[in-house]
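Here is the structure we will look at, set down as structure tokens.
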Amino acid sequence: MKTRLNEARLAELPEDVEVYDYDRLSVGLGIVHLGIGSFHRAHQAVYTDLALARHRGDWGILGVSFRSGRIAAALNPQGGLYTVIEREGGIRHGRIVGCVKQVAVLSEEAERILSIMSSKEIRIFSATVTEKGYYLDPVSGRLNLDDSMIKADLIQPQTPKTMPALVVEALARRRERNTGPVTVMSCDNLTANGKKMRRSILDFATARDPSLAEWISASVTFPCTMVDRIVPAPGENTVSDAANLIGCDDPAALMTEPFRQWVIEDQFAAGRPAWEDAGAQFVEDVVPFEHAKLRLLNGSHSTFAYLGRLIGYDYIHQSVSNQRLVALVRHQMFNEVIPGLASVEMDLGEYCQTVLRRFANRTLPYTTIQVASDGSQKIPQRWLPAIAASIDNGRRPRALAFSFASWARFLEGRDDDGRVFPINDPDSRWLSDRTKKDIDSETVIHCLIERLGGIASNVSGANLFLDDAAFWLDRMRNYSVADSIREFSSSWV
């Protein structure tokens with residue numbers, strides 16, 4: 001058993017392990033982060049750590065877990081220190097992150113957490129609580145006041161259990177104590193995440209005290225952000241890899257990729273770290289960046305997942321080793337998606353190349369079945385807007401039609417060799433009933449498009465797309481997906 005990572009061990013670490021370059025004792029708290037999981041520690045905390053190294057300042061982080069004490073047990077004995085390991089191919093780089101000062105557990109320390117959140121020193125509440133942590137109704141987009149957890153928090157708001165209740169109680173105390181403005185910043189991988197955060201907080205505050213909601217609306221900012229970095233759940237290999245790299249034990253170690261991206265609307269009520277000096281990009285409107293990511297990165301991920309799984313690949317990096325698949329995806333990105341995107345402050349060609357390189361990283365494996373899950377929820381954001389933009393611009397998105405046909409074929413639940421795989425989708429029963437092989441391909445495609453809400457106002461262009469998708473679904477069913485890929489790839493060469 002090696003000695004555990006702590007400040008006393010930092011001087012003994014190998015020279016190739018990067019260590020934060022600032023005096024941690026002089027850094028006060030400035031951020032409370034709600035939901036301190038792996039992604040936050042490998043993403044926003046890394047940006048904060050790098051910004052502190054350049055400019056110092058009181059931007060230390062108090063991490064909050066809602067129920068589990070697992071992360072607190074891993075981090076607190078180490079004074080909040082942990083290792084982030086970046087891996088790509090044979091390259092491995094380690095960094096010790098120092099900006100997390102402590103982790104507190106809401107179910108055990110609610111009053112202390114609220115006391116810190118309502119203090120003048122805290123200027124940012126940030127959060128990664130996943131979509132379900134906002135308690136928004138998927139149809140109305142408003143806070144689900146019928147949820148049992150929300151109901152309980154409205155009865156006893158001073159002892160919150162949910163994110164909206166915790167933030168609103170902290171804001172109520174800030175108003176009462178006049179401790180100054182604050183920014184509430186979502187860092188979840190959601191479109192319009194700041195707007196979703198604002199809706200959740202204001203709806204809870206309105207249900208509790210309408211005057212408090214008015215004060216929050218006037219005094220608190222909710223910037224939207226776009227986040228991107230692959231951070232797999234840590235396992236035994238992560239801990240052992242960290243021990244070999246740094247020479248001591250670190251149960252809080254994380255593995256990630258070298259790439260990271262953070263685009264932020266610059267709407268902060270009480271200052272912020274100089275995250276731009278750590279590589280973040282501040283913009284007036286994050287929406288064009290979200291569209292580029294969803295349609296180029298996430299849309300391509302889905303194409304690799306469906307087609308890869310259907311021809312027998314277990315992992316995305318295996319799909320990216322298939323040159324015909326890569327050629328198809330490149331055609332989709334460059335010829336069909338990019339022309340339909342609004343102007344954005346980034347080199348989209350370079351971005352596409354980076355996407356393909358990231359997907360090929362076999363040291364951080366993503367299963368095709370994992371990426372292929374929840375298609376009925378993902379495709380309306382990843383493919384349909386790109387299809388509609390292409391059609392409405394007078395183009396014929398044949399690769400996107402091929403991708404859509406592959407989703408329909410995937411819903412049959414078997415690959416080219418007849419091997420069965422699960423369909424993980426909240427709409428799986430309806431989808432499976434409508435995509436059976438004895439239903440003709442044209443009917444299947446029309447049913448799926450109608451279920452997802454349609455594709456474009458240009459009727460003739462939409463009909464061409466439906467015809468193309470039905471043609472390729474028929475080919476995939478009657479021959480094979482692999483043969484269909486070969487046939488399709490030869491059609492534009």
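Consider a paramagnetic label point 7 Å from the Cα of residue 147 along Cα→Cβ; state which residues of segment 223-238 have an amide N under 20 Å from it. Of the residues in segment 223-238, 223-225 have backbone N under 20 Å from the label point off residue 147. Out of segment 152-190, which trypsin sites (Lys or Arg not before Pro) are coil in DSSP terms and have no more than 16 other C-beta atoms within 10 Å? Here the trypsin sites (Lys or Arg not before Pro) that fit, given the DSSP loop and packing criteria, are 161. Nearest 10 degrees is fine. How inclined is helix 44-55 to the longest principal axis of the chain, computing both from alpha carbons? For helix 44-55, the angle is close to 50 degrees. Based on DSSP H segments of at least four residues, each scored -39500 (n - 2.57), the chain has a per-residue ellipticity at 222 nm of -13000 deg cm²/dmol. With a Cα cut-off of under 17 Å and a minimum spacing of 8 residues unless on different chains, the lysine pairs in the chain number 7. Neighbour counts of other Cβ atoms within 10 Å put 352, 224 in the fewest-to-most order 352, 224. Note on Cα extents along the principal axes in Å: of the candidates (1) 85, 71, 46; (2) 67, 56, 39; (3) 65, 65, 50, the value calculated from this structure sits at (2).
Taking Lys and Arg as +1 and Asp and Glu as -1, the other residues whose beta-carbon sits under 9 Å from that of residue 142 total -1.
Within segment 317-423, list the GluC sites (Glu not before Pro) lying in a DSSP loop whose Cβ has at most 13 other Cβ atoms in a 10 Å radius. Hits after loop and neighbour filter: 345. Where does helix 236-246 land angle-wise versus the long Cα axis of the chain, in degrees 0 to 90, nearest 10? Between the helix axis and the principal axis of the chain, the angle is about 60 degrees. Counting other Cβ atoms within 10 Å as a rough exposure proxy, the listed residues 369, 91, 201 run 91, 369, 201 from fewest neighbours to most. Averaging the sequence gap over all C-alpha pairs within less than 8 Å and six or more residues apart, then dividing by the number of residues, gives the chain a relative contact order of 13 percent.
Read-outs: derived from the displayed coordinates by stated rules, not from any lab. Since this is a predicted model, take the numbers as computed values, not measurements. Note that we place each Cβ from the backbone using ideal geometry, even for glycine, and neighbour counts take in every protein chain shown.
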